[in-house]
Amino acid sequence: MDKDLVVINDKVDQITTQIAFLTEQAEIQQRRVREFDELKADLIPIGNQLINLTINELEEIGTDFELEDLFYLLKRVLRNTDLILTMMDRFEGLMGIADEVDLLGKQVFSSAVEALDKLEQTGLFSEAGNLFNTLTTENTLSDFNRMLIAFHAEDEKGTTVPSLLSLVGTLNRPETRKTLSRLVNVLQALGENTGDNQ
């Protein structure tokens, strides 16, 4: 009798478990039906708008479009499948080249930045800035221009070679002495920068 009661209890437990599983599945199915109904309710207005838009667009095309044109286009695409695939392969190759060029450009840019950094560390840019400031503030360009004009003026005149005595006479002029003083200062500055202290 006790055995029969245990068997009945086991059967009742199994049936209860199965009923709970079936109830859970029914709830899941009902939830899916509700979600599908909600999705359908959301998509129907969008579909109607899409159909109306398509109709309006086709009305604009009017009689210019015929179904035969679509079939003709489809046939041409199917006939030229090899050509399209070749073009796609070439396009992929171009994309690979573009990637290589991009990588190479990054390497060149990195090398250029390193070279510019080395030049900056050697003080080239500060020296160039100082040179530019000197050229713009000290009338150096105009002095250099006058020097070149004077240098070529003798060639244009076609004069004879001056004598040594006349050259010594020009040394007595104030502008000549001033220019010679500047030249000596330049030579001294160049001698100081060479580092030769002999």
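Here is how the numbers come out for the structure above:
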{"item": "Residue list for region 149-163, filter: at pLDDT 75 or above and surrounded by 10 or more Cβ atoms within 10 Å (Cβ to Cβ)", "result": "Ile149"}
{"item": "Out of Ile51, Ile46, sole residue that is surrounded by 10 or more Cβ atoms within 10 Å (Cβ to Cβ), of a type outside the set (S, T, N, Q) and farther than 30 Å from Phe125 by Cβ", "result": "Ile51"}
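The values are calculated or read from the model by the stated rules, or taken from the named source; none is laboratory data. Here the structure is a predicted model, which means the values were calculated and not measured. Heads up, the Cβs are rebuilt from the backbone with ideal geometry, glycines too, and the neighbour counts pull from every protein chain shown.
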